[in-house]
């Protein structure tokens, strides 16, 4: 008897999550993010306000929930097209309070880029570990080291030869909004405030993968050295010999 489509999809997401965690040796789950205009049924509504960078960490550690614009206490409301920022004069805030930029012109340059990448207006955003996602994700977020992110980029480009990635800050713009509106992998290096609020480690960064790209990435794992494939013995030998010429890291 053939399994119902929704059961197949649930099993597929669990398979994707397990594969990524094992092959890339991830700390925590990949995070499924969905933007929707309908509140999910029988799912926790996040009552305490937080930033999207905090929400990603909550889902990474196993929590499934959703929130409306009122649950977002930063400019992430604007970057995710959920409403107006709760912070008045956000450009001024970035200069005088957060001190990320030298001038309002510089702050507006970033804000204008984020605005151009914002998705269509939505009412709710859903976060969950990928293996527990009840809704088809728009984006799958992975928190990892530069080495792990590099492997993801090369797995994605294995059959095209193209990196197809876009950088953006803050996290909610670069790793959530941009992948939705550009259909490209989004990278965020996590600004200082994001790292503080979300308790990210110094060596961590974030990559957002459009969900439609994930099957190809998983399929390429067995064929690419960014996954589990091995280079020829001669190349491995050359790598061993040549690496001896480089001083060890202190």
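The values are calculated or read from the model by the stated rules, or taken from the named source; none is laboratory data. None of these values were measured; they are calculated from a predicted model. Note that each Cβ is placed from the backbone with ideal geometry, even for glycine, and that neighbours are counted across all protein chains shown.
Screening 40, 52 for residues that are under 22 Å from residue 129 (Cα atoms) and surrounded by 21 or more Cβ atoms within 10 Å (Cβ to Cβ) leaves exactly one candidate, 52. Screening residue 213 with (1) assigned to a loop (DSSP other than H, G, I, E, B); (2) under 21 Å from residue 29 (Cβ atoms); (3) under 16 Å from the mean Cα position of the chain (by Cα); (4) touching a residue at least 40 places away in the same chain (Cβ under 8 Å) gives one miss only, at (1). Taken together, 80, 26 contain a single residue that is surrounded by 20 or more Cβ atoms within 10 Å (Cβ to Cβ), touching a helix residue (DSSP H, G or I) at 6+ places or on another chain (Cβ under 7 Å) and either at pLDDT below 95 or under 23 Å from residue 166 (Cα atoms) (or both), which is 80.
Would you be able to say whether some residue in region 137-156 is part of a loop (DSSP other than H, G, I, E, B), over 11 Å from the mean Cα position of the chain (by Cα), at negative phi and buried (at least 22 other Cβ atoms within 10 Å of the Cβ)? Please lay out each step first, then the result.
First, the residues of region 137-156 that are part of a loop (DSSP other than H, G, I, E, B): 137-138, 145.
Adding the requirement that they be over 11 Å from the mean Cα position of the chain (by Cα) leaves 137, 145.
Next cut, at negative phi only: 137, 145.
Remaining after also requiring buried (at least 22 other Cβ atoms within 10 Å of the Cβ): 137.
Looking for residues that are part of a loop (DSSP other than H, G, I, E, B), over 11 Å from the mean Cα position of the chain (by Cα), at negative phi and buried (at least 22 other Cβ atoms within 10 Å of the Cβ), one finds at least one in region 137-156, hence yes.
Within region 218-234, the residues that satisfy the criterion of being part of a helix (DSSP H, G or I) and either within 15 Å of the chain's Cα centre (by Cα) or over 16 Å from residue 25 (Cα atoms) (or both) are 219, 220, 233, 234.
Here are 195, 201: which of them is surrounded by fewer than 23 Cβ atoms within 10 Å (Cβ to Cβ) and part of a helix (DSSP H, G or I)? Quick ask: steps written out before the conclusion?
Working: 201 fails: part of a helix (DSSP H, G or I).
None of the other options fit; the residue is 195.
State whether the residues of region 167-176 include one that is surrounded by fewer than 17 Cβ atoms within 10 Å (Cβ to Cβ), in contact with a strand residue (DSSP E or B) (Cβ under 9 Å, 6 or more places away or on another chain) and outside any helix (DSSP H, G or I). Walk me through how you get there before you give the answer.
Within region 167-176, the first condition is being surrounded by fewer than 17 Cβ atoms within 10 Å (Cβ to Cβ), and the residues that meet it are 167.
Those still in the list that are in contact with a strand residue (DSSP E or B) (Cβ under 9 Å, 6 or more places away or on another chain) too: 167.
Right, trim to outside any helix (DSSP H, G or I) and you get 167.
Looking through region 167-176, at least one residue is surrounded by fewer than 17 Cβ atoms within 10 Å (Cβ to Cβ), in contact with a strand residue (DSSP E or B) (Cβ under 9 Å, 6 or more places away or on another chain) and outside any helix (DSSP H, G or I).
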